[in-house]
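Taking it in order: structure first as structure tokens, then the write-up.
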Amino acid sequence: MENRNGLVVGMLVTAATQTEPSAAEELISSWLAAGGNMESLGADKGYHTGGFVKFLRSLDIGPHIAQIAGRCTPGLDRRTTRHKGYQMSQIRRKLVEEVFGWGKVIGWIRKSRFVGRVRTSWATLITSAAYNLLRMTRLAAA
């Protein structure tokens with residue numbers, strides 16, 4: 001999701017056994033390969049791992065990840081968290097939960113109605129596109 005307008009820019013359906021950070025690495029790599037750019041990435045505590053922070057730093061992306069109290073992760077310290085951009089990312093990252101909430105209640109993705117990752121990915125893509133269209137109409141009205 002991009003932070004400025006709250007639009008979905010990428011969605012990935014994975015196996016239930018794949019970890020969120022590894023899925024995020026896959027999604028980020030495909031986004032950058034398609035010509036997208038990314039200066040920072042806001043994420044919740046589930047992404048507070050050394051490997052994921054190292055991956056972001058290797059791509060020159062600022063890891064705006066919520067910290068777990070008592071855990072020290074190299075590359076994610078006061079040098080990153082003291083900036084205003086970090087605080088803004090922590091506030092805006094909660095918007096992604098709105099996308100999932102809308103998709104579960106309105107977009108019928110609470111429980112997959114399709115067998116297989118390809119069909120489930122198509123359903124998720126259509127739901128994301130519908131959310132973006134709805135969001136763009138609200139942005140245009142404002």
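Annotations
- Karplus-derived HN-Hα couplings along the range 55-67 (A = 6.51, B = -1.76, C = 1.60, θ = phi - 60°), whole Hz, x at Gly and Pro: 4, 5, 4, 5, 9, 6, 10, x, x, 8, 9, 4, 8
- Per residue of the chain, the DSSP helices (runs of n ≥ 4 H) give a summed -39500 (n - 2.57) that works out to -15500 deg cm²/dmol at 222 nm.
- Relative contact order of the range 1-80: 24 percent, from C-alpha pairs under 8 Å at least 6 residues apart in sequence.
- Relative contact order of the chain, defined on C-alpha pairs under 8 angstrom at six or more residues apart (%): 27
- Pairs of Lys in the chain closer than 21 Å at Cα, counting only those 8 or more apart or on different chains: 5
- Kirkwood-based shape ratio for the chain, expressed as Rg/Rh from alpha carbons: 0.98
- Theoretical FRET efficiency, 1/(1+(r/R0)^6), r = Cβ-Cβ of GLN67 and LEU139, R0 25 Å, to 0.05: 0.20
Since every read-out is calculated from the coordinates, none of them should be taken as a lab result. Here the structure is a predicted model, which is why all the values come from computation and not from measurement. Every residue, glycine as well, gets a Cβ built from its backbone with ideal geometry; the counts of neighbours run over all protein chains shown.
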